[in-house]
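The values are calculated or read from the model by the stated rules, or taken from the named source; none is laboratory data. A quick note: this is a predicted structure, and the numbers were derived from the prediction, not measured. Because the Cβ atoms are built from the backbone with ideal geometry, glycine has one as well, and the counts that use them run over all protein chains shown. Keep in mind that these areas ignore ligands, DNA and RNA; they rest on the heavy atoms of the full protein, side chains included. Shrake-Rupley method; radii C 1.70, N 1.55, O 1.52, S 1.80 Å.
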Amino acid sequence: MTERDPRGDPASALLAVDALSVDYGPVRAVDGVSFTVRRGQTLGLVGESGSGKSTAVLGALRLLPAPGVVTGGSVRLAGAELLDLDAAGLRNIWGAQVALVPQGALSSLNPVLRVLDHFAETFTAHGVKPEGGVRACAAALLSRVGLDPVHLDSYPHALSGGMRQRVTIALGLALNPPLLVLDEPTTALDVVVERDILRQLLAAQDASGFAMVFITHDVALLLELASAIAVMYAGRLVERAPSEVLAADGALHPYTRGLLAALPPSPGEARLPVSIPGHAASVADPPSGCRFHPRCASAIDRCRTEAPALRVAGPDHVVACHVVELGVSSPKPGAP
Amino acid sequence: MTPNGPPLLSVEHLHIAFPLGGWPKRRTLHAVRDVSFNVARGSIVALVGESGSGKSTIGRAIARLQAARSGAIRLDGVDVLQTEPRAASIAYRRRVQLIFQDPFASLNPVHPIGHPIARALLLQDRATPQTVAAQVERVLESVGLTPAADMAARFPYALSGGQRQRAAIARALAVEPDLIVADEPTSMLDVSIRMDVLALFRRIRDEGSRSVVLITHDLASARIVADRVVVLYAGQVMEDGPAESVLSHPQHPYSQLLAAAAQRGGGLREPLPAHPGAPEVIDPGPGCPFAPRCLKATATCQSTPPPTVSVRSDHLVRCHLAESA
Ligand SMILES: Nc1ncnc2c1ncn2[C@@H]1O[C@H](COP(=O)(O)OP(=O)(O)OP(=O)(O)O)[C@@H](O)[C@H]1O
Ligand SMILES: Nc1ncnc2c1ncn2[C@@H]1O[C@H](COP(=O)(O)OP(=O)(O)OP(=O)(O)O)[C@@H](O)[C@H]1O
Ligand code: SF4
Ligand SMILES: [Mg+2]
Ligand SMILES: [Mg+2]
């Protein structure tokens, strides 16, 4: 069963993913996920490890390795249906219309190519001749992510984890695409470099107006960075809301509320982090009904049998939960 | 909390350099410069610091997967740089396990993830062929890889990033080494699972004889589990002290910058309290490597190497401005 997004304005969106499903053989890893990203906007994507975030974006961008297969839905990028494109059409889109900064930076860089060659390949693939030459342009891109251009002549193995990650971010920026999809792009960066790079990204976004889909486990970061946040649990979208709403205690889904309650408190905040009890749900053998029900303190009988549909909870805010009474106050995590 | 007695591991004046080629003069990248720190038995030491500051290089050297130019790495007093062959003996690998930073590259793609765990358990006679499957499942469950029977049979390609990371942790734990060097082991895990993994490290520590070197960018994790914190910048130790003291009252300007950057809510567009730039590791000048970014730097900082000052008992800071206790 798919959960259609009841808010249907995909026309105004740069990226409109609608009811996307992705299977690995018999396993449905992504089940009817919908989200939109407007031009210049940043959408944050969060969810437990294994909940299908990487699968959803790789599937949407047609970059999913076998045995993953997109089995349903629609993905429109600037109006064009990505799921219908042939290999040649996809090659034109990748890098130029949308760039992916993949999770796991080492395996995404080619070990036999120097850093400079990666930039050269990206430019050649799209017939781009950068002003001032490839080396100068690549050097400028590296500087933007805080890397000394001396590393243009390095091979990936000679770079630290965070340096490789910064190379993949610089490669994503190379063709200045209108959409940048970043999958855990700062996991190997110290907080100082992370902040420096995010500031660069935001400045670049202000200047050229590109949109971002930003996958991370750092929810606190997303509350500042993203305009909207989509939350996945065991392959499904459970809530999507403007960041301000989540930051102002407006999260409705018990999983989202649990996620926010697990954040380390900021200094001066009188609250202890509470972790979500129970085991992560497996998409290989998902719980019946609402997939969160075995861990949910608010679950009622209906949650065990019937999958909740996404319902509109407010402007740009949808939630899939039987118990949430829309327009009324939200359940507190741990409340009976 | 740190027990007395000789340290399990002691890193002494470690220097690691990589030749870079170049013409007419070959250049050298000094990744690790004069690094010293101790890991007491039954303790967790966090290595934190700048991306590219040499943390993984130090970790690989401890695991004997990386040669050093000079210095010593003593395990129980024995300098393993002298006694262990490059790439380490099997006996050494049983005592010291490295969890690699990149789980996408470190798991063997041809085996299901349960395989290396089963092998470790059988090799050390901690399981019999009859019990091994159940024990593998126990190890996988301890890192939240459930349902464990299904997970044990999965190949690495069929796991998400965070699941691979936990498979790598499970493999290292199964060996029950004396020392675990965990290189960013929880970077792809959500807070809830991260807490569970950190609790595992704490349990190992609390057994009393085993230790963990935790390389992490997450200061909150370091605060939760570490007994000591070593802060690195440009291949050098900037600060080394009890975790609470270093994290709550950082003395070195770089540690203070890290702490400031970890604060949320200041606005992502606001610049950090530091000059922009990156350290020079290829032809480092004579002074403090942090001087180009440091708001407090003086002319002396640029020209003279800062001394290592003991600011409190057991708390070292390498800075011209540090005042000794
Ligand atoms: N080839 C495969 N066969 C079966 N299951 C798979 C395969 N590849 C991935 N999976 C499963 O699909 C689910 C989604 O994986 P995905 O990589 O999208 O998760 P994720 O949300 O990105 O997690 P993480 O935060 O850990 O990176 C996981 O539970 C994973 O085990
Ligand atoms: N094989 C190599 N050849 C040349 N230089 C190398 C090699 N391995 C590491 N380096 C260099 O050594 C320095 C330290 O790298 P290291 O991987 O130890 O950093 P790190 O502190 O782990 O960083 P990160 O937090 O980004 O993972 C970097 O400048 C890197 O480019
Ligand atoms: S030695 Fe000088 S430059 Fe270095 S951290 Fe201290 S004050 Fe800053
Ligand atoms: Mg992922
Ligand atoms: Mg590293």
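Using 0.36 nm per residue of separation minus the Cα-Cα distance, give me the extension gain between B:Asp125 and B:Glu270 in nm, one decimal.
46.5 nm
Hey, rough spin-label estimate for A:Leu113 and B:Thr298, points 7 angstrom out along Cα→Cβ, what's it come to in nanometres?
Once both label points are built, they end up 5.0 nm from each other.
How much accessible area per residue does the protein assembly as shown have, counting only protein heavy atoms and a probe of 1.4 Å, in square angstrom?
40
How big is the stretch A:106-229 by Rg and Dmax over its Cα atoms, in Å?
Considering the stretch A:106-229 through its Cα atoms, Rg and Dmax are 14.2, 40 Å.
Dipole magnitude of the stretch A:1-139 about its Cα centre, charges +1 at Lys/Arg Cβ and -1 at Asp/Glu Cβ only, in debye to the nearest 20?
So the dipole magnitude of the stretch A:1-139 works out to roughly 360 debye.
Report the accessible area of B:Thr308, computed with a 1.4 Å probe over the heavy atoms of all protein chains in place, in Å² rounded to the nearest 10.
Estimated to the nearest 10 Å², B:Thr308 gives 80 Å².
Could you tell me the distance between the Cα centroids of the stretch B:24-80 and the stretch A:165-231, to the nearest Å?
31
Using the alpha-carbon atoms, what tilt in degrees (0 to 90, nearest 10) does helix A:191-208 show relative to the longest principal axis of chain A?
That works out to roughly 80 degrees.
Please give the average number of partner chain Cβ atoms lying within 10 Å of the Cβ of each residue in B:177-190, rounded to a whole number.
Per residue, the average neighbour count from other chains is 3.
Report the paramagnetic label zone for B:Ser89: residues of the stretch B:163-202 whose backbone N is under 17 Å from a point 7 Å from Cα along the Cα-to-Cβ axis.
B:178-179
For the ranges A:234-241, A:73-80, A:26-33, what's the packing order if you count other beta-carbon atoms within 10 Å of each residue, average per peptide, and put the highest first?
Ranking, from highest mean packing down: A:234-241, A:26-33, A:73-80.
State, in angstrom, two size descriptors of the stretch B:82-182 derived from its alpha carbons: Rg to one decimal place and Dmax to the nearest whole number.
For the stretch B:82-182, the Cα radius of gyration and maximum Cα-Cα distance read 13.4, 44 Å.
Which residues belonging to the stretch A:173-207 lose at least 50 Å² of 1.4 Å-probe accessible area when the assembly is complete, relative to their chain isolated?
For the stretch A:173-207, once contacts with the other chains are taken into account, A:Thr187, A:Asp190, A:Val191, A:Val192, A:Arg195, A:Arg199, A:Leu202 lose 50 Å² or more.
Give me the accessible area of A:Asp84, 1.4 Å probe, in Å² rounded to the nearest 10.
Approximately 120 Å² for this residue.
When DSSP beta bridges are limited to those with both residues in chain A, what percentage is antiparallel, rounded to the nearest 5?
60
In square angstrom, rounded to the nearest 10, how much accessible surface does B:Arg312 have for a 1.4 Å probe?
Rounded to the nearest 10, the figure is 100 Å².
Under 5 Å between amide hydrogens, which residues at least 5 positions from B:Ala88 or on another chain qualify, with H placed 1.01 Å from N in the peptide plane?
So B:Ala88 has HN proximity to no qualifying residue.
Stretched out fully, how many nm does the piece from B:Ser324 to B:Arg69 gain, at 0.36 nm a residue minus the Cα gap?
Additional length available on full extension: 88.7 nm.
Hey, got the Cα dimensions of the stretch A:110-175 along the principal axes, in Å, largest first?
Per principal axis, max minus min of the Cα coordinates gives 30, 23, 18 Å.
Which one, B:Ser51, B:Ser313, B:Ser36, has the greatest fluctuation when you compute a Gaussian network model over chain B with C-alpha springs under 10 angstrom?
B:Ser313
Estimate for me the total accessible surface buried between chains A and B (protein heavy atoms, probe 1.4 Å, no ligands or nucleic acids), in Å² to the nearest 100.
The buried area between A and B, both sides summed, comes to about 4000 Å².
Quantify how strongly other chains surround peptide B:96-106 by giving the mean number of their Cβ atoms within 10 Å of each of its Cβ atoms.
The shielding value for this peptide is 3.
Cα-based Rg (one decimal) and Dmax (whole number) for chain A, in Å?
20.4, 66
Averaged across the residues of A:157-168, what count of C-beta atoms belonging to other chains lies within 10 Å of each residue's C-beta?
Shielding by partners across A:157-168 averages 4.
On alpha-carbon atoms, Rg over Rh for chain B using Kirkwood Rh?
Checking Rg against Rh, the ratio lands at 0.99.
Quick check on chain A: helices-only [θ] at 222 nm, where DSSP H runs of length 4 and up contribute -39,500 (n - 2.57) each and the sum goes over total residues. Nearest 500, please.
-8000 deg cm²/dmol, from helical runs alone.
Roughly how large, in nm² to one decimal, is the mean projection of the convex hull of the alpha-carbon atoms in the protein assembly as shown?
The orientation-averaged projected area of the Cα hull of the protein assembly as shown comes to 29.8 nm².
Could you check how much of the accessible area of the protein assembly as shown is carbon and sulfur, as a whole percent, using a 1.4 Å probe?
55
Divide by every residue of chain B the summed helix terms, -39500 (n - 2.57) for each DSSP H run of at least 4, and state the resulting mean residue ellipticity at 222 nm, rounded to the nearest 500 deg cm²/dmol.
-9000 deg cm²/dmol, from helical runs alone.
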